[in-house]
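Enquirer: Dropping a structure here in C-alpha cells format, bear with me for questions.
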Amino acid sequence: AQYRRRQGMQAMPNMKAFMALMLASTMVLAAEDQKPVNVFEEPLIVPKRYETTDPKSVLASFVDFEFGLATAPAHVEDQLEDAWVDFARKGKVAAWKNAPMPEERTRFWSEPEVDIKLAADTGVTVFRMGIDWARLVPDAEFAMTGTLVPTAWARYVEILKMVKDAGMKIMLTIFHHSLPIWLQKTGGWTNSTSVDYFGLFVEAVVRGLAEEPELVDALHSILPFNEPHVFALLTYCGGMWPGGNPNASSIEQLNCFSPWGGYGISMANMAKAHSRAYHALRNAHMCTPVGVAHHVPSYSALSVFDKPAQRVTESMTTFWFHDLIQHECDLIGINYYGREIIAGVGVAMIESEEYSDAGRSIYPDGLYRILRAFHARYAQPLIITENGLADATDILRPSYLIEHLLAIKAAMETGVPVKGYVFWTISDNWEWADGYCPQFGLAHVDRNDPKLKRTKRPSYDIFSHIVKTKAITAGVRADAWEKVASAASREATHPFCRADDGQSSRETPIDRTFSKRDWRFGKRPPLEHDKAARRAFKSVQDKWTDMSQTLETAWADASREVSQAWDAWANQGDKEEADGSSAAQMLSGFFDDVRNAFNAATDAGSDKTAEMRAELEKQFGEAESAMRNWQQSFEKSSNDFGSAVNRGPRRWASNLASAVWRVVSWPFTGWGGASESPKPEL
C-alpha cells in the first residue's frame, strides 16, 4: 500500500490487502498437491549460434512447425449485440466512445474476407477464430432447445469455408471471454447451470459441424475455453469485466478468493464445461484435437518482500485450470505476452523496463521458462495460441516477434514439444476493457475511414518472411533490434495506454520513452537485487524461521477464535477493518524501513553487503517485539469480533494460521514453511 501511494496510485486498504493475502494463501496451500515448478528462476540454455554476427547465418529454423494468426468474435465482429457492447455503452470501456464507429469493430462478420486474405497472404497455415455464444443462442428459453439460430450458424459456416478455401486450417475457440447477457444475470460461471447450458451449446455446434464434413477435415483443433482464470478473476473478483460487480465491498472481494468464493467455483464449473465439450466431440466420433488456451504471464516479485504475493499469484493462475482438465485435453495452448512485476497486491510499473503500449513488460526469457515448466508438469504437446504486442509505432514488434520465436526454438532444443506459433493479431481491433487504445495488429486500421482501410505495417512483411522461409537469420535479428536501440538512444517515445495503477487503461494514451534495457532473449542480465537479497537473507533466515515458529502457535490460537466468526463478520465489518488496519499499520513502518535499507545497500554495491545484513538483523530484532505486540492485538481484536464463522467451513478456518505462516517463510524456507508441519487439508 505504501509503495502504491509513493507512486501516486490508489492504495488498497491495508486490512483488505492483508486479508486477501491470508485467504488466498490458505486456499492455495490447502489445494496444492505438489511443489510448484520453479518457473522463473531456471537458468536459460541459450544456443551458442545465437551470438553469431554473420548476417546470413541461420539462428533458428522451424521445420514441421505451424504458423498461424488469431482473432476472436468480441474483438472483430460487427452486428453483434453482446455483453461487451452493453458494457461499453455504460461507459465501462476506456478508449471506446472516443473511437470512430466503435461498434463496427473490424467488420469480420460482414466483411471477413479482408482479414482472411491478409492472414493467408502471410503464408500461415492456421487461422484461429471463434464463434459467439450470444449470437447463436439469444436467450435461456432458446438455449433449452439445444439448437442454434439457423441464419447465424449458416453465416459462421460460410466464414469457416472462406478460411478453408484460403488454404488455412481452423483453430476454433468456443468461449472467448464473451458470456451471453441472459446467462450473466443468473451468475454466469458461478452458477452450476452454466455447465448444462454450455454443454447444450457445444453439442449443437458439434452437430452443425458434423453436417459439414469438409469443415471437420479443415479443423486444426477446438479450444472450448480461452484463458478461463482471466475471465474468473477479472469478472467475479475484480468486477472489471461484464457480469462482475465493480461496487463489491471489501468482504465480497475477499470472499471471491475463499474456497467457496466466485473464483474457485467458476474455475470448477468451466472445467466441468470443458469436460462436457471434450466428450461431446468424442461421442460424435470427431477426432479433432481438443485443447485450451491458458494465459500465462511470467511473474516476478518487485523485491524479496513481494515473493509471497508472487508465489500465491503463480499458484492460483499458472497450473490451476490445467490440473483440472489435463486428462481430457490433447493440446496445451499458451497465451504469452510478457511479464508482470508483483508488488504486494498490485502490479508495479518500473521506469527502466520496456513495456508495450498496453503496459505489459517485454520479457522473452519468460516464455522459454514457461514452456519448460509446462513440459515438466504435463506430458502433452504445446502450441503458442497467442503472442503479440500492442505497438502503434511498430518499432518494438519486429524484434518482439523474433526474440520470442528464438525463445521457443531454444526450448524446443531442450526437448519441449512445441508444435506451432499463432500470432496475435491480424488487424488492430477492440481490446476488451482497454477499448481501441492498444494496437496489436500487423495491419493498422484507419477508423476514420468509412471502409476501415488496412495498411500493412513493416512487421507484417517480417512475419510473412519468417513464415515462408521458416527461418530467422542473424541479419534479420540485428536489423530489428537496431530500430529499437536507435529509438532508445534518441529518447523517442511511443503511446502508452496503461494507467498509473498498472491495471486500468487510459482514454487517450500518453507518451512513454523507449527503454535502453536490452530485453532480447538470453541478453538480459540477472537482476542484481535478487542476488543481493539471497545473500543478505541467508544470514537472517534462522531468525525469521524462529520468529515464524513462535507466531505460528499464536496464530493457531487466534484462528480458533476466527473459526467461530465468519457469518457475522459482514454485519460489523467496519469495526474489524479498523482493528485489522491498526494491526497492519503496526508493521508497515518496519517493512518500509527494511525495504529502504535493502535498496540502499543494493544500490551502493556489493561492498555494502555486510552492512545490509547487519541492518536487516537489527530490523528483524526490533520486528520481533513489534510482532509479539501485534499477536496480542490480533488476539484481542479476534475476541472482539469472535462470534462469526460458525456455519463456514470450519476445517478451512482451523488451518488459517499454519498456512499463513508457512507463506510468510515461503521465500526463504520453501513450501515446507517454518515447521515442516503437515499440509492443511481443505
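Enquirer: Rg (Å, one decimal) plus Dmax (Å, integer) for the alpha carbons of the stretch 478-527?
Expert: Every Cα atom of the stretch 478-527 included, Rg and Dmax give 13.4, 36 Å.
Enquirer: Note the direction-averaged projected area, equal to a quarter of the hull surface, for the Cα convex hull of the stretch 154-256, in nm².
Expert: Details: hull surface 29.9 nm².
Averaged projected area of the stretch 154-256's Cα convex hull equals 7.5 nm².
Enquirer: Shifting gears a bit: Can you give the FRET efficiency to the nearest 0.05 for GLU482 and GLU158, using r as the Cβ-Cβ distance and R₀ = 41 Å?
Expert: Result of the calculation: an efficiency of 0.40.
Enquirer: Sort out for me the Cα centre separation of the stretch 153-184 from the stretch 237-255, rounded to whole Å.
Expert: Centre-to-centre distance over Cα atoms comes out at 30 Å.
Enquirer: For LEU219, enumerate residues with amide H under 5 Å from its amide H, sequence gap 5+ or separate chain, H modeled in the peptide plane.
Expert: Amide H to amide H, under 5 Å and 5 or more residues apart or across chains, LEU219 pairs with ILE170.
Enquirer: Another question, then. Using θ = phi - 60° and the Karplus form 6.51 cos²θ - 1.76 cosθ + 1.60, what ³J(HN,Hα) does each residue of the stretch 172-182 get, whole Hz, x for Gly and Pro?
Expert: Karplus-based 3J(HN,Hα) across the stretch 172-182 equals 9, 9, 9, 10, 10, 6, 9, 9, x, 4, 5 Hz.
Enquirer: Follow-up. So if I restrict to the alpha-carbon atoms in the stretch 420-470, what is the Rg, and what is Dmax, the biggest pairwise distance, in Å?
Expert: 12.4, 37
Enquirer: Measure out, as a whole number of angstrom, how far apart the alpha-carbon centroids of the stretch 463-492 and the stretch 57-122 sit.
Expert: 25
Enquirer: How large are Rg and Dmax for the stretch 66-190 when calculated on the C-alpha trace, in angstrom?
Expert: For the stretch 66-190, the Cα radius of gyration and maximum Cα-Cα distance read 15.4, 44 Å.
Enquirer: Grab the Cα-Cα distance for LYS97 and VAL63, subtract it from 0.36 nm times how many residues apart they are, and report the gain in nm with one decimal. Working shown, then result.
Expert: Values: separation 34, 0.36 × 34 = 12.24 nm, distance 4.52 nm.
The span from LYS97 to VAL63 would gain 7.7 nm if fully extended.
Enquirer: Can you tell me the mean projection area, over all orientations, of the convex hull of the stretch 280-379's alpha carbons? Units nm², please.
Expert: 7.9
Enquirer: Once you put a point 7 Å from the Cα of GLU141 and another 7 Å from the Cα of THR125, both along the Cβ direction, what distance in nm separates them?
Expert: 4.9
Enquirer: Quick one: Debye curve from the C-alpha atoms of the stretch 207-265, no solvent, what's log10 I(q)/I(0) at q = 0.12, 0.22, 0.26 Å⁻¹?
Expert: -0.46, -0.79, -1.00
Enquirer: Among 306-318, 134-146, how do they line up by average Cβ neighbours within 10 Å per residue, starting with the highest? Display every interim value, and only then the final one.
Expert: Working: 306-318: 21.8, 134-146: 16.3.
My ranking of the peptides, most packed first, is 306-318, 134-146.
Enquirer: Based on a Kirkwood Rh over C-alpha pairs, give the Stokes-Einstein translational diffusion coefficient of the stretch 373-477 at 20 °C and viscosity 1.002 mPa s in µm²/s.
Expert: Working: Rh = 15.2 Å.
Answer from the Stokes-Einstein relation: 141 µm²/s.
Enquirer: If each of GLU212 and SER489 carries a label point 7 Å out from its Cα toward its Cβ, how far apart are those two points in nm?
Expert: Calculated label separation equals 5.2 nm.
Enquirer: Quick one: which of 493-501, 173-181 comes out on top by average Cβ neighbours within 10 Å, and what's the full order, highest first? Each step should come with its number before you reach the end.
Expert: Numbers: 493-501: 19.4, 173-181: 23.0.
So the peptides 493-501, 173-181, ranked by packing, come out 173-181, 493-501.
Enquirer: Once phi is turned into ³J(HN,Hα) by the Karplus curve 6.51 cos²θ - 1.76 cosθ + 1.60 with θ = phi - 60°, what whole-Hz value does each residue of the stretch 371-386 show in order, with x for glycine and proline?
Expert: For the stretch 371-386, the Karplus-derived couplings read 4, 4, 5, 5, 5, 5, 8, 10, 8, 9, x, 10, 8, 7, 8, 7 Hz, x marking Gly and Pro.
Enquirer: Still on this structure, I have one more. Counting only protein heavy atoms and a 1.4 Å probe, tell me what percentage of the stretch 354-442's accessible area is made up of carbon and sulfur. Intermediate values should be presented prior to the final figure.
Expert: Values: 660 of 1410 Å².
Of all accessible area on the stretch 354-442, carbon and sulfur atoms account for 47 percent.
Enquirer: Here is a follow-up. Using 0.36 nm times the number of residues separating SER352 and ASP511, minus their current alpha carbon distance, what extension gain do you get? Show your work: numbers first, answer last.
Expert: Details: separation 159, 0.36 × 159 = 57.24 nm, distance 1.48 nm.
Taking 0.36 nm per residue and subtracting the Cα distance, the gain is 55.8 nm.
Enquirer: Can you tell me which of 158-165, 354-361 comes out highest on packing, and rank the rest after it, using the mean Cβ neighbours within 10 Å? If you can, show how the numbers build up before the last one.
Expert: Details: 158-165: 16.8, 354-361: 23.1.
Listed from highest to lowest mean packing, they are 354-361, 158-165.
Enquirer: If you don't mind, another one. How are the C-alpha pair distances of the stretch 394-439 spread across 10 Å bins, as whole percents from the shortest bin up?
Expert: Answer for the stretch 394-439: a P(r) of 21, 39, 28, 12 percent.
Enquirer: Rounded to a whole number, what % of the accessible area of the stretch 75-158 do carbon and sulfur atoms account for, probe 1.4 Å? Before the final figure, lay out each step's value.
Expert: Numbers: 1800 of 3210 Å².
On the stretch 75-158, the fraction of accessible area on carbon and sulfur atoms equals 56 percent.
Enquirer: Now, a different point. How many Å² of accessible area per residue for the stretch 470-514, probe 1.4 Å? Don't skip to the end; give the middle numbers.
Expert: Numbers: 2120 Å² over 45 residues.
On a per-residue basis, the stretch 470-514 sits at 47 Å².
Enquirer: Now, a different point. Which pairs break 31 Å Cα to Cα here: LYS161/LYS453; LYS161/LYS419; LYS409/LYS516; LYS272/LYS470; LYS169/LYS523?
Expert: Values: LYS161/LYS453 24 Å; LYS161/LYS419 24 Å; LYS409/LYS516 26 Å; LYS272/LYS470 39 Å; LYS169/LYS523 35 Å.
Exceeds cut-off: LYS272/LYS470; LYS169/LYS523.
Enquirer: I'd like to check one number: the per residue accessible area of the stretch 225-272, probe 1.4 Å, reported in Å² as a whole number. If you can, show how the numbers build up before the last one.
Expert: Working: 1490 Å² over 48 residues.
Averaged over the residues of the stretch 225-272, the accessible area is 31 Å².
The values are calculated or read from the model by the stated rules, or taken from the named source; none is laboratory data. If you're wondering where the values come from, they're calculated on a predicted model, not measured in any experiment. Neighbour counts run over all protein chains shown; Cβ positions are idealised from the backbone, glycine included. In case anyone asks, the SASA skips ligands and DNA or RNA and just uses the protein heavy atoms, side chains included. Shrake-Rupley method; radii C 1.70, N 1.55, O 1.52, S 1.80 Å.
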